Amino acid sequence: MKRLVRPELLPILLLLAAFCLAPATETRADGPAITTGLGYKSMVQRLCAAYTQQTGKKATEMYSGNIGQIIEQAKAGSGVSIIISDKATLQESGLGFAAYEPLGEAVLVLAWRKGLHLDAPQDLAKPAFAKIGYPDAKAAIYGRAAVAFLKGNGLFEPLKGKLSMLSTVPQVFSYLVSGDLDAAFVNEAIVRKQGNSVGGWIEVNKGYKPLLLVAGVVEGRQKDPDVVAYMSFLRTPEAQRILSASGLRAVSGR
């Protein structure tokens, strides 16, 4: 049975529909809006929880994919205040940043599924490692680091038939846990949190440009008192403890 709309209600319904369908561009919150690639989602969640506990203020957390997608959303007016990623990516993004707060140096990790073991990345050439994954090399910092490492060590071409590029670090890691991958390049934050679900992992700390993780303040947000407060919080012992527990190394001369 069809349901008809009373004519006198039509203008009101059209107005409501326009409001509901309007794009959420300038999403502002009570506190700063923080975002990062999904590979560091859990770390930022812990930082924001500690920030709220210390200050009584709540930051808005925005997570939507890899850092490339996040940058494009920021350019389109997502309303984000602070983006956490590696400094080189932010500087080359075409998005304006007013300031950067160094958080630590990140390290690429090579993990493998349960039932397998490797002692060095060269072991990926063994038949047991038939499926090897890494994040999007165009939009994820660990994808770029993985490809640079493989190419720099003469492994990319020999392993090409085994390699699969996925979107984000969590997606790659989930495929590794499920057994759809035999080995994968991810970050240390995710293996520290869920390392019991894989066979093991090793650090890959050479063969790619150092990954200096920073909190970048989007241009125009630097005078927001809540943004200033959050950036100051990142220098506190509690924030530094969370960063260290997530696998970030202290930056010399900080």
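All of the numbers you see were taken from the coordinates with simple rules; none came from a lab. Small disclaimer: the values here were computed from a predicted structure and weren't measured. Neighbour counts run over all protein chains shown; Cβ positions are idealised from the backbone, glycine included.
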Query - Within region 24-118, GluC sites (Glu not before Pro) in DSSP loop having at most 10 other beta-carbon neighbours inside 10 Å - result: Glu26, Glu92
Report task. Return the loop-located trypsin sites (Lys or Arg not before Pro) in region 109-200 (DSSP other than H, G, I, E, B) with at most 11 other Cβ atoms within 10 Å of their own Cβ; answer none if there are none. Result -> Lys138
Query raised in the report: Each residue of region 101-109 in turn: what ³J(HN,Hα) in whole Hz from Karplus with 6.51, -1.76, 1.60 and θ = phi - 60°, glycine and Pro shown as x?
Result: 10, x, 10, x, 8, 8, 10, 6, 10
Query raised in the report: Do the alpha carbons of any pairs in Lys57/Lys114; Lys75/Lys162; Lys41/Lys114; Lys87/Lys223; Lys58/Lys151; Lys58/Lys206 sit beyond 32 Å of each other, and which pairs?
Result: Lys57/Lys114; Lys75/Lys162; Lys58/Lys151; Lys58/Lys206
Report summary line: Comparing Pro135, Pro210, Pro127 in a Gaussian network model of the chain (Cα, 10 Å), the one with the largest mean-square fluctuation is Pro127
Query - Share of alpha-carbon pairs per 5 Å distance bin for region 125-254, given as whole % - result: 2, 9, 16, 19, 17, 14, 9, 7, 4, 2, 1, 0
Report task. Take the Cα pairs of region 137-176, get the Kirkwood Rh, then feed it into Stokes-Einstein at 25 °C and 0.890 mPa s and tell me D in µm²/s. Result -> 231
Query raised in the report: What number, in nm² with one decimal, is the all-direction average of the projected area of the convex hull of the alpha-carbon atoms of region 170-237?
Result: 7.2
Report summary line: Within the chain, the percent of DSSP beta bridges that are antiparallel, given to the nearest 5, stands at 70
Query raised in the report: Of the residues Ser244, Ser232, Ser85, which exhibits the maximal mean-square fluctuation in a Gaussian network model of the chain defined by a 10 Å Cα contact cut-off?
Result: Ser232
Report task. Report, as a whole number in µm² per second, the diffusion coefficient that Stokes-Einstein gives for the chain at 37 °C and 0.692 mPa s using the Kirkwood radius over alpha carbon pairs. Result -> 166
Report task. Report, in cubic angstrom per residue, the convex hull volume of the C-alpha atoms of region 163-205. Result -> 77
Query raised in the report: Counting only Cα, what are the radius of gyration and maximum Cα-Cα distance Dmax of region 80-130, in Å?
Result: 18.0, 49
**Report entry** Values of log10 I(q)/I(0), in the order q = 0.11, 0.19, 0.26 Å⁻¹, for region 96-182 under a Debye, Cα-only, solvent-free model
**Finding:** -0.33, -0.87, -1.51
Query raised in the report: What is the set of long-range amide H partners of Val204 at a cut-off below 5 Å, with H atoms built 1.01 Å from backbone N?
Result: Leu108, Val109, Leu110
Report task. Calculate the translational D of region 42-132 in whole µm² s⁻¹ from Stokes-Einstein, where the hydrodynamic radius comes from the Kirkwood formula applied to all Cα pairs, the temperature is 4 °C and the viscosity 1.567 mPa s. Result -> 78
